[in-house]
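Peer 1: Okay, handing you the structure first.
The numbers here are math on the coordinates, done by the rules we state, and not lab data. Small disclaimer: the values here were computed from a predicted structure and weren't measured. Cβ coordinates were reconstructed from backbone atoms using ideal geometry, including for glycine residues, and neighbour counts include every protein chain displayed.
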Amino acid sequence: MTSRSTLLILCFISLFVLVVGLKDASTQLEQKPADEYIKNMEKPDRVLKVNEVVEKLKLKPGDIVADIGSGSGVYSIPMAKAIAPNGVLYAVDIDQKMLDYVAERAKKEGVTNLKTVLGEYDDPKLPVNVDVAFFHRVLHMIERRQAYVNSTAKYMKPDGRIVIIEKNRVDSPDSWMWLNQSDVDNWMAALAFYPAEKFAVFDDRYFVSYQRPYGNSVLLKKKKEMEKKGE
Ligand SMILES: C[S@@+](CC[C@H](N)C(=O)[O-])C[C@H]1O[C@@H](n2cnc3c(N)ncnc32)[C@H](O)[C@@H]1O
């Protein structure tokens, strides 16, 4: 091989590495180092509503739940407790350090039904189908949000719930990254998931459970109730 063709191959490989690197770096918005995240996520005012949120979900022992973008496990641990002993909580994150932290925290608290999953930027890579996929303040951080919602739908049981807690954009320069509920509604409807329950737990964010109209879906229960009342 001539030195010219070797040089050409090296240039091609460098370009490929650069393009792949740039693509990955651009698929998360404002991702922070794990240590910084952990400090922020566990601030007392940030965890005030955790129990109330988990209660609203009405999880049952035996449910299979994915906490997507689990961070420091603020929601993963109480949800794992709510579905114990035979339910499994999958804590999904793209940062292995966060997952190690959650696993350690579960061990300290005697939680044995929590498993960690290293997800990909566009796919939670769950090993099984789930009853609930829970996102608290995560979806807005993902650049290809609709692609992520589409991947998540593949892992849902027929009447599984995708729960989204996010902030609507407001007229302020620092809210460009937030996520309007109307956008989420449209992406979900394209997958036949519809708002089944809305919970007024937060003043500054929406909390919506999306479901398909199958099996034990709340959507079907509501429809039957309305039919009974003759509406
Ligand atoms: C703002 S924190 C929220 C953590 C947790 N849900 C909470 O409310 O306490 C966002 C988390 O999502 C993770 N994350 C960002 N992009 C992700 C993706 N594409 N898939 C899974 N996790 C992601 C981050 O690493 C971080 O741990």
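Peer 1: For a paramagnetic label modelled at 7 Å from the Cα of residue 118 toward its Cβ, which residues of the stretch 126-168 fall within the zone defined by backbone nitrogen distances under 19 Å?
Peer 2: 126-128
Peer 1: Also: Quick one: length gained pulling residue 56 to residue 216 fully straight, 0.36 nm per residue minus the C-alpha distance?
Peer 2: Numbers: separation 160, 0.36 × 160 = 57.60 nm, distance 1.69 nm.
Length difference between fully extended and current span is 55.9 nm.
Peer 1: Moving to a separate point now. Nearest 500 deg cm²/dmol is fine: what mean residue ellipticity at 222 nm does the chain get from its DSSP H runs of n ≥ 4 alone, each adding -39,500 (n - 2.57), divided by its residue count? Don't skip to the end; give the middle numbers.
Peer 2: On the way: 8 runs with 89 residues, N = 231.
Mean residue ellipticity, 222 nm, calculated: -11500 deg cm²/dmol.
Peer 1: Continuing with this model, one more query. Specify whether the C-alpha gyration tensor of the stretch 111-185 places it in the rounded, prolate or oblate class, a ≥ b ≥ c being the square roots of the eigenvalues: rounded for a/c under 1.5, otherwise prolate if a/b is larger than b/c and oblate if not.
Peer 2: It is prolate, given that a/c is not under 1.5 and a/b is the larger ratio.
Peer 1: Moving on. Taking neighbour Cβ counts within 10 Å as the exposure measure, how do 212, 46, 205 sort from fewest upward? Intermediate values should be presented prior to the final figure.
Peer 2: Working: 212 22, 46 12, 205 17.
Going from least to most buried by this count: 46, 205, 212.
Peer 1: If you keep only loop residues by DSSP, which GluC sites (Glu not before Pro) in the stretch 98-141 have at most 16 other Cβ atoms within 10 Å of their Cβ?
Peer 2: Values: sites: 104, 109, 120; in loops: 109.
When the GluC sites (Glu not before Pro) of the stretch 98-141 are filtered for loop state and at most 16 Cβ neighbours within 10 Å, 109 remain.
Peer 1: Based on the Cβ-Cβ distance from residue 146 to residue 107, what FRET efficiency comes out when R0 is 41 Å, to the nearest 0.05? Walk me through the numbers before you get to the answer.
Peer 2: Working: r = 36 Å, r/R0 = 0.88.
Efficiency, from the Cβ-Cβ distance: 0.70.
Peer 1: Related question: Sort the stretch 86-231 into rounded, prolate or oblate with this rule: let a ≥ b ≥ c be the square roots of the eigenvalues of the Cα gyration tensor; rounded if a/c is under 1.5, and if a/c is not under 1.5, prolate when a/b is larger than b/c, oblate otherwise. It would help to have the intermediate numbers written out before the result.
Peer 2: Numbers: a/c = 1.82, a/b = 1.25, b/c = 1.46.
It comes out oblate by the Cα gyration axes.
Peer 1: To the nearest 0.05, how large is the calculated FRET efficiency for residue 96 and residue 231 if R₀ is 41 Å and r is the Cβ-Cβ distance? Write out the running numbers ahead of the final one.
Peer 2: On the way: r = 51 Å, r/R0 = 1.24.
Approximately 0.20, to the nearest 0.05.
Peer 1: If you don't mind, there's one more thing I want to ask. If I take every Cα pair under 8 Å that is 6 or more residues apart in the stretch 167-231, average their sequence separation and divide by the length, what percent do I get for the relative contact order?
Peer 2: Numbers: 64 pairs, mean separation 14.3, N = 65.
The normalised contact order for the stretch 167-231 reaches 22 percent.
Peer 1: Among 228, 39, which comes first, second and so on when ranked by fewest other beta-carbon atoms within 10 Å?
Peer 2: Values: 228 8, 39 11.
So the residues, fewest neighbours to most, are 228, 39.
Peer 1: What residues have an amide H closer than 5 Å to that of residue 197, excluding those fewer than 5 places away on the same chain, when H is modeled at 1.01 Å from N in the peptide plane?
Peer 2: 209
Peer 1: Suppose a student asked you for the relative contact order of the stretch 50-176, using Cα pairs under 8 Å spaced at least 6 residues apart; what percent would you report? Can you show the working numbers first?
Peer 2: On the way: 230 pairs, mean separation 28.4, N = 127.
Contact order relative to length: 22 percent.
Peer 1: What's the extension gain from residue 198 to residue 170 if we count 0.36 nm per residue and subtract their Cα-Cα distance? Intermediate results must be reported in sequence, preceding the final value.
Peer 2: Numbers: separation 28, 0.36 × 28 = 10.08 nm, distance 2.01 nm.
Answer, rounded to one decimal: 8.1 nm.
Peer 1: In the stretch 34-228, what percentage of the DSSP-assigned beta bridges are antiparallel, given to the nearest 5?
Peer 2: Values: 11 of 30 bridges.
Of those bridges, close to 35 percent are antiparallel.
Peer 1: Same structure, new question: Compute the long axis of helix 96-108 from its Cα atoms, compare it with the longest principal axis of the Cα atoms of the chain, and write down the angle in degrees, 0 to 90, nearest 10.
Peer 2: That helix lies at roughly 40 degrees to the long axis.
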